[in-house]
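Where a number appears in this text, it was derived from the coordinates with a stated rule and is not lab data. Remember, predicted model here, so these are calculated numbers, not experimental data. Cβ placement follows ideal geometry from the backbone for every residue including glycine, while neighbour counts extend to all protein chains displayed.
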Amino acid sequence: MSKDEFRWYVVFNSEKEQNEYIKEGRLSKVLVEEKWVCIAKSSGELYAFDELCPHQNYPLVHGHCENGKVECPLHKYKFDLKSGRGHGLSLQTYPLKKEDGRLYIGFKKGFWD
Ligand code: FES
C-alpha cells in the first residue's frame with residue numbers, strides 16, 4: 001500500500017485535541033468531509049474504520065474495542081482493527097498518519113468520485 005494512493009484529511013489539529021477526544025478502548029465518531037468514521041485506540045494504537053457494522057449496518061460507535069478488535073454491540077461480531085476481517089465479512093478500514101502534531105486519515109484517490 002503506497003501512501004501516494006491516498007488523499008489525506010485532517011482529523012485532529014493537535015495531539016492535545018486528539019488525546020481529549022480519543023480514549024483507550026473506546027470508540028469515537030468523527031466527520032471527514034461527508035463521511036462519518038470511527039476512530040479507536042487499542043493498546044495505544046489508533047485505528048480508523050467505517051462507522052457502520054458490515055453485518056447489518058449497526059453503529060459501531062456504541063461498541064468497544066480491545067486486543068486489536070472492535071466488537072459490534074448488536075450481535076457481538078468482532079472485527080480486526082487492522083484488516084477489518086471478521087465472521088467472513090470485511091469492515092472498511094482507513095490508514096492514519098501523524099504529521100506535525102496533526103492526525104490525518106487517508107481515503108483512496110477517487111473515493112469521493
Ligand atoms: S449488526 Fe453488527 S454484528 Fe450484527
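Lys108: which aspartates and glutamates have alpha carbons under 12 Å from its alpha carbon, excluding same-chain residues fewer than 8 sequence positions away?
Hits, sequence-local ones excluded: Asp4, Glu5.
Would you please state which residues of region 18-36 a label at Gln92 would reach in this model, taking the label point 7 Å out along Cα→Cβ and a backbone N cut-off of under 18 Å?
28-36
Can you work out the Karplus-derived ³J(HN,Hα) for every residue in region 37-54? Use 6.51 cos²θ - 1.76 cosθ + 1.60 with θ = phi - 60°, whole Hz, and x for glycine or proline.
10, 9, 10, 10, 10, 9, 6, x, 9, 9, 9, 10, 7, 4, 6, 9, 5, x
In the chain, what cysteines have no partner Cβ closer than 4.7 Å?
Isolated Cys, the chain: Cys38, Cys65.
Which far-off residues, 5 or more places away or on another chain, put their amide H under 5 Å from the one on Val11, with H placed in the peptide plane?
For Val11, whose amide H was placed from the backbone, the distant partners under 5 Å are Leu103, Tyr104, Ile105.
For region 82-87, what does the Karplus curve 6.51 cos²θ - 1.76 cosθ + 1.60, with θ = phi - 60°, yield as ³J(HN,Hα) per residue in whole Hz, taken in order and with x for Gly and Pro?
My calculation for region 82-87 gives 7, 8, x, 6, x, 6 Hz in order.
Could I have the simple spin-label model distance between Ser14 and Lys29, label points 7 Å from Cα toward Cβ, reported in nm to one decimal?
Placing both labels 7 Å beyond Cα along the Cβ direction yields 2.7 nm.
In which sequence would Leu52, Leu103 go, from the one with the fewest C-beta neighbours within 10 Å to the one with the most?
Fewest-to-most Cβ neighbours within 10 Å comes out as Leu52, Leu103.
Within 9 Å, Cβ to Cβ, of Ser42, how many net charges do the neighbouring residues add up to if Lys/Arg are +1 and Asp/Glu are -1?
With Lys, Arg at +1 and Asp, Glu at -1, the net is -1.
Jot down the per residue volume, in cubic angstrom and as a whole number, of the convex hull over the alpha-carbon atoms of the chain.
So the per-residue hull volume is 105 Å³.
Express the relative contact order of the chain as a whole percentage, based on alpha carbon pairs under 8 Å and six or more residues apart in sequence.
28 percent
Distance between the C-alpha centers of region 56-102 and region 22-51? Whole Å please.
8 Å
Would you kindly derive the ³J(HN,Hα) couplings of region 93-107 from the backbone phi angles with the Karplus curve 6.51 cos²θ - 1.76 cosθ + 1.60 (θ = phi - 60°), listing them in order in whole Hz, with x for Gly and Pro?
Computed from phi, the couplings for region 93-107 are 10, 9, x, 10, 8, 10, 8, 6, x, 8, 9, 10, 10, x, 10 Hz.
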